[in-house]
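Enquirer: Below is one structure. I have some questions about it.
The values are calculated or read from the model by the stated rules, or taken from the named source; none is laboratory data. Being a predicted model, the structure only gives us computed values, none of them experimental. FYI the Cβ positions are ideal-geometry reconstructions off the backbone, even for glycines, and counts take in every protein chain you see. Ligands, DNA and RNA are stripped out before the accessible areas are found, and what is left, the full protein with its side chains, is counted by its heavy atoms. Shrake-Rupley method; radii C 1.70, N 1.55, O 1.52, S 1.80 Å.
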Amino acid sequence: MLEVNGLRVSYGGIQAVRGISFHVNEGEMVALIGANGAGKSSTLRALARLLDPAGGSVRYRGKELLPLPPHALVAEGIALVPEGRGVFPRMTSLENLRMGAYARSDKAAIEQDLEQVLGHFPRLKERGQQLAGTLSGGEQQMLAIGRALMSRPRLMLLDEPSMGLAPIMVQKIFEVIRTVASDGMTILLVEQNAKLALEVSQRGYVMESGEITVTNESTHLLADPKVRAAYLGE
Amino acid sequence: MDTLLQQLINGITLGAVYALVALGYTMVYGIIGLINFAHGEVVMIGTMVAFTVIVSLAGSAMAPLMILGIGVAVSVVVCMVLGWALERVAYRPLRHAPRLTPLITAIGMSIVLQNVAMIIWGRNYITFPPMIGKHIYEFGGASFTNVQIAIVTLAALMMLGLIYLVHRTRIGMAMRATAQNQHVAALMGVDIDRVIAMAFIIGSALGAVAGCMVGSYYEIAHYQMGFMLGLKAFTAAVLGGIGNLAGAMAGGLLLGVIEALGAGYIGDLTGDFLGSHYQDIFAFIVLIIVLMFRPSGLFGERTGDRA
Ligand SMILES: Nc1ncnc2c1ncn2[C@@H]1O[C@H](COP(=O)(O)OP(=O)(O)OP(=O)(O)O)[C@@H](O)[C@H]1O
Ligand SMILES: [Mg+2]
């Protein structure tokens, strides 16, 4: 479904992503793990066209994505849940969710999806009229994921959904990610929490200093002594 | 007592105009963080265009109110195009430049527009032909005209319309989202370029109407009138918290009232040392006080409830 070839990202003179290649198959959940500054977020931002890559190609369902402007991606079925959530702070939770459906015009289906998202995250239902900027970190993460779901994506790019959250909240959020994945969503998951990411995904890529160094099925990565030593704190 | 009421009435009239102009500053600032110093000149062009249309239709058989309506409509359209073109030509190429660059460009554009207006309409004051037969109403020792009623009513309607647009329509949602997080708004499918253009276009339309109001109220126009008007409206926007729509409305009204009261009492306050023609100093005293003690404005504590 997604095929990335030789993707490069640089900031000024610094190369943050050095020609990486990877792919995500339809219906799959793929983890991209790596230390701080490895270039994971830069990779996702390049895929979502929030920055212009220095080179490479990104094919999505047979179509080259790089020439598209960022606002055209949502119509292609791609949704990014950015690092740090990026909720609209002075909009209510409900308005945030409706912004997720901004590019859609199928009113009845939007209302259905809204019910479904609120079903995934009952907490957001209670907080519907609250300004998103005043939600807790966990609630904001739920909102960001819910907002992405509101666009009815085919491919979700998740950037560190567990960041800064208490274990119980991480559990709740990953439950929803699992549910969404088992309903057939294709997911590319970036995580600091490598153990968690490898437990929920089918395959994984390990990124180091802008390059992909290891790739395998997640169960194998979890068992790999080098990966365990470097990323699982053993 | 009559002075107080009289100055309040005058202040609200003036304040309604400031508020409309201030909205143009605050919408653009809220979305791209640019102080569009050429906005005052857009308002001036609005006055001038309405003047030209009205004068050229004045001899015809049309009803005066009709002529005024056409003048306002043409002025609104011209200013919308002008606002769009300003963004397109002067600011868009500088979107990623350091913040000072578009600011200087804005000052440059304001000088360009002034000079264009001077070439077209000349250096002298021009008389804005009154199209509304003036009625004067007496109320509690003070007087006001039907022109004032029309200005305040129309301004209020336009502000309500803007609030509706921003909070209840799709483009309004897109504008608010863009003001709060441009990148994420793009992820939602918002065409940022279009939203920015809309902010200029809507702000310019409001400015054009304000320009027609100023023309009808003072019955006079001049190619440099946009400078002082723009500076005062900018002050109003800062007073309310720049980037904040409700703040611009409140700031405009407040500034109009402060200025009118100041003009009414400055003689008494200074033992007639300064006369009411010093009324302009009040706007700047307000600006300095706000910038010194509350730079985020009266309603701006949350870094501005932008757009
Ligand atoms: N806007 C930027 N300007 C300059 N350098 C940047 C910018 N964004 C990221 N970088 C640099 O690029 C490198 C990769 O950053 P990136 O955010 O992609 O890492 P990451 O793998 O997501 O890390 P983390 O796990 O900490 O989020 C880092 O060295 C970072 O300092
Ligand atoms: Mg990151």
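Enquirer: Excluding B:Val238 itself, what net charge comes from residues whose Cβ is under 13 Å from its Cβ, given Lys and Arg +1 and Asp and Glu -1?
Expert: Spelling it out: positives minus negatives among the neighbours equals +2.
Enquirer: Here's something else I'd like to know. Which whole number in µm²/s is D for the range B:2-293 by Stokes-Einstein, with the Kirkwood Rh taken over Cα pairs at 4 °C and 1.567 mPa s?
Expert: 66
Enquirer: Where Lys and Arg each count +1 and Asp and Glu each count -1, what net charge lies around A:Gly19 among other residues with Cβ under 10 Å from its Cβ?
Expert: +1
Enquirer: While we're here: Cβ under 13 Å from A:Arg61's Cβ, A:Arg61 left aside: what net charge do those residues give with Lys, Arg +1 and Asp, Glu -1?
Expert: -1
Enquirer: Still on this structure: Please report how far the C-alpha centroid of the range B:205-239 lies from that of the range A:1-36, rounded to the nearest whole angstrom.
Expert: Between the Cα centre of the range B:205-239 and that of the range A:1-36, the gap is 53 Å.
Enquirer: Still on this model: Between B:Arg294 and B:Ser143, what is the spin-label point distance in nm, taking each point 7 Å from the Cα along the Cα→C-beta axis?
Expert: According to this spin-label approximation, the distance is 3.7 nm.
Enquirer: Reported to two decimal places, what Rg/Rh ratio describes the range B:1-80 when computed on Cα atoms with Rh from the Kirkwood expression?
Expert: Here Rg/Rh amounts to 1.11.
Enquirer: Starting from the Cα of B:Thr3, move 7 Å in the Cα-to-Cβ direction to define the label point; list residues of the range B:251-277 whose amide nitrogen is under 19 Å from there.
Expert: Within reach of a label on B:Thr3, which here means backbone N under 19 Å from a point 7 Å along Cα→Cβ, the range B:251-277 contributes B:256-277.
Enquirer: How big is the charge dipole of the range B:2-293 about its Cα centre, in debye rounded to the nearest 20, if each Lys and Arg gets +1 on its Cβ and each Asp and Glu gets -1 on its Cβ?
Expert: In debye, rounded to 20, the range B:2-293 gives about 960.
Enquirer: Then there's this: Have a look at the DSSP beta bridges in the protein assembly as shown and tell me what percent are antiparallel, nearest 5.
Expert: Here the antiparallel bridges make up roughly 60 percent for the protein assembly as shown.
Enquirer: Hey, rough spin-label estimate for A:Ser57 and B:Ala150, points 7 angstrom out along Cα→Cβ, what's it come to in nanometres?
Expert: Placing both labels 7 Å along Cα→Cβ, they lie 6.5 nm apart.
Enquirer: If r is the Cβ-Cβ distance from A:Glu175 to B:His96 and R0 is 41 Å, what FRET efficiency results, to the nearest 0.05?
Expert: Here the calculated transfer efficiency is 0.50.
Enquirer: Any chance you could tell me what percent of the C-alpha pair distances in chain A go past 27 Å?
Expert: Tail of the P(r) past 27 Å holds 32 percent of the pairs.
Enquirer: Angle between the Cα long axis of helix B:2-32 and the longest principal axis of chain B, 0 to 90 degrees, nearest 10?
Expert: Relative to chain B, helix B:2-32 is tipped by roughly 20 degrees.
Enquirer: Right, here's the next one. Can you spot the lysines whose alpha carbon is less than 20 Å from A:Lys226's alpha carbon? Ignore those fewer than 8 places along the same chain.
Expert: Hits, sequence-local ones excluded: A:Lys40, A:Lys195.
Enquirer: Could you tell me how many degrees, from 0 to 90 and to the nearest 10, lie between the Cα long axis of helix A:107-120 and the main elongation axis, the longest principal axis, of the Cα atoms of chain A?
Expert: That works out to roughly 70 degrees.
Enquirer: Follow-up question, since we're still on this one. Determine the per residue accessible area of the protein assembly as shown with all protein chains present and a 1.4 angstrom probe, expressed in square angstrom.
Expert: With all protein chains present, the protein assembly as shown gives 43 Å² per residue.
Enquirer: Please state, as a whole number in µm²/s, the translational diffusion coefficient that the Stokes-Einstein equation yields for the range B:23-129 at 25 °C and 0.890 mPa s, with Rh defined as the Kirkwood radius across alpha carbon pairs.
Expert: Answer from the Stokes-Einstein relation: 163 µm²/s.
Enquirer: To the nearest 10 Å², what's B:Tyr164's accessible area with a 1.4 Å probe?
Expert: Solvent-accessible area, nearest 10 Å²: 140 Å².
Enquirer: Continuing with the same structure: In chain B, if the dipole is taken from +1 on Lys/Arg beta carbons and -1 on Asp/Glu beta carbons about the Cα centre, which of B:Met118, B:Gln7, B:Val214 is farthest to the positive end?
Expert: With unit charges placed on the Cβ atoms, the residue in question is B:Met118.
Enquirer: Positive end of the charge dipole of the protein assembly as shown (Lys, Arg +1 and Asp, Glu -1 on Cβ, about the Cα centre): tell me which of B:Phe128, A:Thr213, B:Thr145 has its Cα farthest that way.
Expert: In the protein assembly as shown, that residue is A:Thr213.
Enquirer: Here's something else I'd like to know. Using +1 at the Cβ of each Lys and Arg and -1 at the Cβ of each Asp and Glu in the range B:2-293, identify which of B:Met27, B:Gly247, B:Ala85 lies farthest towards the dipole's positive end.
Expert: It is B:Ala85.
Enquirer: A further question follows. On a 1.4 Å probe surface of the protein chains, which of A:Glu3, A:Glu126 comes out largest in accessible area, and what is the full order?
Expert: Per-residue accessible area, sorted high to low, gives A:Glu126, A:Glu3.
Enquirer: If ligands, DNA and RNA are left out, what is the accessible area of B:Trp84 with a 1.4 Å probe, given in Å² to the nearest 10?
Expert: Per-residue accessible area (B:Trp84): approximately 110 Å².
Enquirer: Give me the one-decimal nm value for the distance between modelled label points at B:Tyr278 and B:Val89, 7 Å along each residue's Cα-to-Cβ direction.
Expert: Spacing of the two 7 Å Cα→Cβ label points: 4.2 nm.
Enquirer: To the nearest 20 debye, what is the magnitude of the charge dipole of the range B:220-307 about its Cα centre, counting +1 on the Cβ of each Lys and Arg and -1 on the Cβ of each Asp and Glu?
Expert: 340
Enquirer: At 1.4 Å probe size, with no ligands or nucleic acids counted, give the accessible surface of A:Arg61 in Å², nearest ten.
Expert: Probe radius 1.4 Å; accessible area of A:Arg61 about 130 Å².
Enquirer: Right, here's the next one. By a straight-distance test (C-alpha under 21 Å), which lysines pair with A:Lys125 as possible cross-link partners, with residues fewer than eight away in the same chain excluded?
Expert: Correct list for A:Lys125: A:Lys107, A:Lys172.
Enquirer: Please get the size of the charge dipole for the range A:98-234, origin at its Cα centre, with Cβ charges of +1 on Lys and Arg and -1 on Asp and Glu, quoted in debye to the nearest 20.
Expert: Approximately 380 debye in magnitude.
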